[in-house]
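The values are calculated or read from the model by the stated rules, or taken from the named source; none is laboratory data. As the structure is a computational prediction, the values presented were derived from the model and not from experiment. Quick reminder, even Gly has a Cβ in these numbers, built from the backbone with ideal geometry, and neighbours come from all protein chains shown. These area figures cover heavy atoms from the full protein model, side chains too; ligands, DNA and RNA do not enter into them. Shrake-Rupley method; radii C 1.70, N 1.55, O 1.52, S 1.80 Å.
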2 protein chains.
Amino acid sequence: MGAGLAGQRVRIGGWVKTGREQGKGAFAFLEVNDGSCPGNLQVIVEADVYKLSDVVSTGTCIHVEGELHLPPEGVKQKIELKVKKVFDVGTVDAGKYPLPKTKLTLEFLRDVMHLRPRTNTISAVARIRNALAYATHTFFQKHGFLYVHTPIITTSDCEGAGEMFQVTTIISEAEKIEKELKENPLPSETDVAAAELDVKEKGEVITQLKSSKASKEKITAAVTELTKAKEHLSKLNERLKLAERCRVSGGIPKKDGKIDYSEDFFARQAFLTVSGQLQVETYACALSSVYTFGPTFRAENSHTSRHLAEFWMVEPEIAFANIEDDMNCAEAYVRFLCQWLLDNCYDDMEFMTKFIDKTAIQRLVMVANSKFHRITYTEAVAILEEAAKVRKFENKVEWGIDLASEHERYLTEEKFKAPVIVYNYPKAIKAFYMKVNEDNKTVAAMDVLVPKVGELVGGSQREENYEVLRDRILELGLPLEPYEWYLDLRRYGTVKHSGFGLGFERMILFATGMENIRDVIPFPRYPGRADL
Amino acid sequence: MGAGLAGQRVRIGGWVKTGREQGKGAFAFLEVNDGSCPGNLQVIVEADVYKLSDVVSTGTCIHVEGELHLPPEGVKQKIELKVKKVFDVGTVDAGKYPLPKTKLTLEFLRDVMHLRPRTNTISAVARIRNALAYATHTFFQKHGFLYVHTPIITTSDCEGAGEMFQVTTIISEAEKIEKELKENPLPSETDVAAAELDVKEKGEVITQLKSSKASKEKITAAVTELTKAKEHLSKLNERLKLAERCRVSGGIPKKDGKIDYSEDFFARQAFLTVSGQLQVETYACALSSVYTFGPTFRAENSHTSRHLAEFWMVEPEIAFANIEDDMNCAEAYVRFLCQWLLDNCYDDMEFMTKFIDKTAIQRLVMVANSKFHRITYTEAVAILEEAAKVRKFENKVEWGIDLASEHERYLTEEKFKAPVIVYNYPKAIKAFYMKVNEDNKTVAAMDVLVPKVGELVGGSQREENYEVLRDRILELGLPLEPYEWYLDLRRYGTVKHSGFGLGFERMILFATGMENIRDVIPFPRYPGRADL
């Protein structure tokens, strides 16, 4: 806040970062922050306005009105607030507060996920994350892309690779059944025999009534009785069947030894999406330029600082675009994001640069202003082979390998010292939907590599030729049936199209210089942890 | 496209809506659409430029270059394109195309979900949905709210109401185990007995070696042998245990008769979120004004035209705000959305008004320009009781009931003929986190009701008093433990705060006049259906 505001009366609310009583208990200085920016406001409370010991603890929430003053010369603050009126105070018992003033590690903060946004680092990351999300929408909207909400629950497996979370109600249904069976006694054999006898007798009554030419009313009444008896019997049998099911499979419905998903919520097995790409293609093949931005999931038992079970992806898909258009779009988007942070989040970036990563701002400036280098996979391998003569890679380099993180980082951090796009990867290491190049050895895939994180973007031109796509699916041993709808996009009015995916948390790691992906998403999910 | 562009050479791509050969096969007229707007471009292809029969079928994709011309006077088009060069054509076999030119019902289109964005109605809805999403971000960003990604996978149940989808890997793990057991023969009793004997003998060997004071090397070797034998035995027993688990519970790990979730991915039971509210409150209680906008889920066996298993919600949360601030925010937001559509999507709104709902534009204009009526629940009930004297409601009206849809629609559509906010609902019918009013009978909750859909927004001031909140949780028979983190927000630096949720698909129904919620989300999920 600037000095120009001096003299104004304002109402503010925020949380005390630090507070101290001064002048022998005559007044207190508070550093107050409301989360809107990294800077604090200095607030002065006098003892006759409020009980000082109730406002000085770190974490206290205050909602007050006061007058802005120029502070005495020689202090760092540009302006300070002298409190005139206190509306609300949310106190803190300093002895119990889980976030004491001492410097806390990011690892410690992961165990107090609900309070960690009150720290300087996590709140700065939250503002940068917000800025990157809005920049994403702004970029694509400006360029005529439509935002499409692809489904979270899916019955397709984009990568054909498994590692998906299952979404089901079949266990809770089974538990309901088990509970009910425990609470209410099962019918005994005698009960069933009695019910069967009852059905038999009531059937005989009808036969008798009919042969004795009884009145219609009497027969109808007897039929009603029989129906009731039959219903009762079938209920008993149904309960016995459920009890048997509970005995054999814990209440889970089974058929031919396998779980019978026809009884699950969606009448088939359902999963959390690993990518919205295949689905968003249906919209690209109708509305031209589209993108999806949403959560994606991997049930990978991975404990690294680079993997989450739930993470966000930005996936544009562009009709009438080839791999070059795709690279142009990815480059323009990433550079836009960097420039956006410099324009809209500079104070937070200064915080990151000061406390987390000295090169954070420098990296943004570099990427915002660099034309990305573009090399083929084959060229990349040649460069790496050359490098391998004078330095050691842990993974052997040869044509055909999937580039390892160390290779990607060598290219972008050491060789080019700038973002690099590697394109035309070997067909054998890439997904079935990527366009096969004329050499029949490579596909029109591309990865954008940036310093600090390596691969930031992965994309490709999609195979738009029906026969080639079908053959690729079969070649990889995948079944055709689940992809028939995807093949339809090529059967009817097929179109050349391309797209890519940007890992949103990777972009935040890149921008902030943070080391662990668990600290750049508000509520990280990983093996063994899904707090809140 | 305007007449002013005549004479320009342009490249266009799109899909043929209708096509016909003319002039005895000399040329073809195509109506082409690229999804960017409801209007088509008239495209003329001459027979010497391309084979006409390959471009006239509905659904054909063309990518061409040509010259824009003014059409002959008296036709409705403002401009037409004469094709000079054809880059690509994606053909359609008209006999097989699932979307023939004839008018298709929305119900039919739900069975061809991957192609329906090519229809006029679904593409207009997609553009309106996109506009509302971007308007949402723009509104909140403009007002200093930070976008927070709340988790999709959660271990908290916001409403305490159940009806949640379970997220698990426990079934797929069990299936892996079952498969493995089937593929490899189980150890027989003889195998186990032999392994046990082996362990026993190898133990005895060691005893003997020790008593005969054998060399250290010999003893060490014997110990290694014993360890191996023990490992072998424990593997056999492990497999038998798994086999027993498969027999009793289909491979699902159990403990004390219940599923043992410590073996699940997150080491506890996990679900899909029903609301991001509780989690986003942790950010509001640190960063002041925040919002979440993401998918939410209900495993409700509901087959109506108003319910989905997966739907999107906008949930702002505002620190230092009371119920009145909350109502002001909701009103400003809804009016902003309406004005945004009038400003940015007028041609699509004209389409909806012409083909779906005559009053669609009128409704937007009305809401954008109306101050919302505000009445207490008690006043609403009085109005409804008065109305019930002269008209029939299916649900009885009396103080204490949850207003039914018919009541809500009476208030907004008949009584006020404008949006209405009802606030201060009976405590007994509302959630535990809503602020208890001084009367101790009502809570500071509010619903925004609008014509056509009834409840569009539901919100409340949150209970910020620790003791009151804790007592409410206990009063409702909920356990305290899962809410300890939520109570912490009141224990440490508590703050008055409020928020609301807007059902995004309801907003689209309201705006477009569409009748079925399954048609306003790209990939609807409901009982028995999760296509793609």
> Considering amide H positions built from the backbone, and no H for Pro or chain starts, which residues 5 or more places from B:LEU146, or on another chain, come under 5 Å of its amide H?
Replying inline: B:SER289, B:VAL290, B:TYR291
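Between rounded, prolate and oblate, where does chain B land on the alpha carbon gyration tensor, with a ≥ b ≥ c its root eigenvalues, rounded for a/c under 1.5, else prolate if a/b exceeds b/c?
Judged from the Cα gyration tensor, chain B comes out oblate (a/c at least 1.5, b/c at or above a/b).
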> What list of ³J(HN,Hα) values in whole Hz, one per residue of the stretch A:61-68 in order, does the Karplus curve 6.51 cos²θ - 1.76 cosθ + 1.60 (θ = phi - 60°) give from phi, with Gly and Pro shown as x?
Replying inline: 9, 10, 10, 9, 10, x, 10, 7
>> List the GluC sites (Glu not before Pro) within the stretch A:31-101 that DSSP assigns to loop and that have no more than 12 neighbouring Cβ atoms inside 10 Å.
In response: A:GLU73
>> Please report the antiparallel percentage of the DSSP beta bridges confined to the stretch A:3-90, to the nearest 5.
In response: 90
>> Suppose you put the label 7 Å out from Cα in the Cβ direction; list, shortest first and in nm with one decimal, how far B:GLU515 is from each other copy's label.
In response: 6.1
> Taking accessible area as the heavy-atom solvent-accessible surface of the protein chains with a 1.4 Å probe, which residues of the stretch B:4-36 lose no less than 40 Å² upon going from the isolated chain to the full protein assembly?
Replying inline: B:TRP15
> Sorted by packing (mean other beta-carbon atoms within 10 Å per residue), highest first, where do A:314-326, B:51-63 land?
Replying inline: A:314-326, B:51-63
> Counting only the heavy atoms of the protein chains, how much of B:THR18 is accessible to a 1.4 Å probe, in Å² to the nearest 10?
Replying inline: 50
> Which residues of the stretch A:297-325 end up with at least 30 Å² less accessible area in the presence of all protein chains than when their chain stands alone, using a 1.4 Å probe?
Replying inline: A:GLU310, A:TRP312, A:PHE320
> For the pairing of chain A with chain B, what total accessible surface becomes buried, with a 1.4 angstrom probe, in square angstrom to the nearest 100?
Replying inline: 8700
> Among rounded, prolate and oblate, which fits the protein assembly as shown when a ≥ b ≥ c are the square roots of the eigenvalues of its C-alpha gyration tensor, a/c under 1.5 means rounded, and a/b larger than b/c means prolate?
Replying inline: rounded
> In the stretch B:75-95, which residues become less accessible by 20 Å² or more once every protein chain is in place, relative to the chain on its own, using a 1.4 Å probe?
Replying inline: B:ASP88, B:GLY90, B:THR91
> Which cross-chain or sequence-distant (5 or more) residues have an amide H under 5 Å from the amide H of B:THR442, H modelled 1.01 Å from N in plane?
Replying inline: B:LYS427, B:ASN437
> Antiparallel as a % of all DSSP beta bridges within chain A, to the nearest 5?
Replying inline: 90
> Taking the Cα centre of each part, how many Å lie between the stretch A:5-51 and the stretch A:328-353?
Replying inline: 32
> How many Å² of accessible area per residue for the stretch B:369-515, probe 1.4 Å?
Replying inline: 40
>> For the stretch B:165-209 and the stretch A:469-502, what is the centre-to-centre distance using only Cα atoms, to the nearest Å?
In response: 43
> Per residue of B:246-258, what is the mean number of Cβ atoms on other protein chains within 10 angstrom of that residue's Cβ?
Replying inline: 3
> What fraction of the DSSP beta bridges in the protein assembly as shown is antiparallel, stated in percent and rounded to the nearest 5?
Replying inline: 90
>> What whole-number distance in Å separates the alpha-carbon centres of the stretch A:378-453 and the stretch A:297-317?
In response: 21
> Is the shape of the stretch A:3-90 best called rounded, prolate or oblate, per the rule: a/c under 1.5 gives rounded, else a/b larger than b/c gives prolate, else oblate, with a ≥ b ≥ c the square roots of the Cα gyration tensor eigenvalues?
Replying inline: rounded
> Between copies, how close do the A:LYS51 label points come, placed 7 Å along Cα→Cβ, listed in nm from shortest?
Replying inline: 9.0
>> Given the options B:THR227, B:SER212, B:LEU242, identify the residue whose Cα lies farthest towards the positive end of the charge dipole of the stretch B:170-263 (+1 on Cβ of Lys, Arg; -1 on Cβ of Asp, Glu).
In response: B:SER212
>> How shielded is A:126-136 by partner chains, expressed as the average number of their Cβ atoms within 10 Å of its Cβ atoms?
In response: 4
> Is it possible to state the helix-based mean residue ellipticity at 222 nm for the protein assembly as shown, with each DSSP H run of 4+ residues giving -39500 (n - 2.57), the sum divided by total residues, to the nearest 500 deg cm²/dmol? What is it?
Replying inline: -12000 deg cm²/dmol
>> Going by amide H atoms built from the backbone, whose H comes under 5 Å of the H on A:LEU403, apart from near neighbours?
In response: none
> Excluding ligands, DNA and RNA, what is the solvent-accessible area per residue of the stretch A:170-263 at a probe of 1.4 Å, expressed in Å²?
Replying inline: 69
> How much of the accessible area of chain A, probe 1.4 Å, is carbon plus sulfur, in whole percent?
Replying inline: 50
> By the scheme Lys and Arg +1, Asp and Glu -1, what is the net charge of all other residues having a beta-carbon under 11 Å from that of A:ASN516?
Replying inline: -1
> Per residue of B:262-270, how many C-beta atoms from partner chains lie within 10 Å of its own C-beta, taken as a mean?
Replying inline: 4
> What nm distances, shortest first, do you get from the label point of A:GLU414 to those in the other copies when the point sits 7 angstrom along Cα to Cβ?
Replying inline: 7.8
> Got a sec to turn the phi values of the stretch B:131-147 into Karplus ³J(HN,Hα) couplings, 6.51 cos²θ - 1.76 cosθ + 1.60 with θ = phi - 60°, whole Hz, x for Gly and Pro?
Replying inline: 5, 5, 5, 5, 4, 4, 4, 4, 4, 6, 5, 4, 9, x, 7, 9, 7
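Which order do peptides A:490-496, A:207-213, A:302-308 fall in by mean Cβ count within 10 Å, highest first?
Top to bottom by mean Cβ count within 10 Å: A:490-496, A:302-308, A:207-213.
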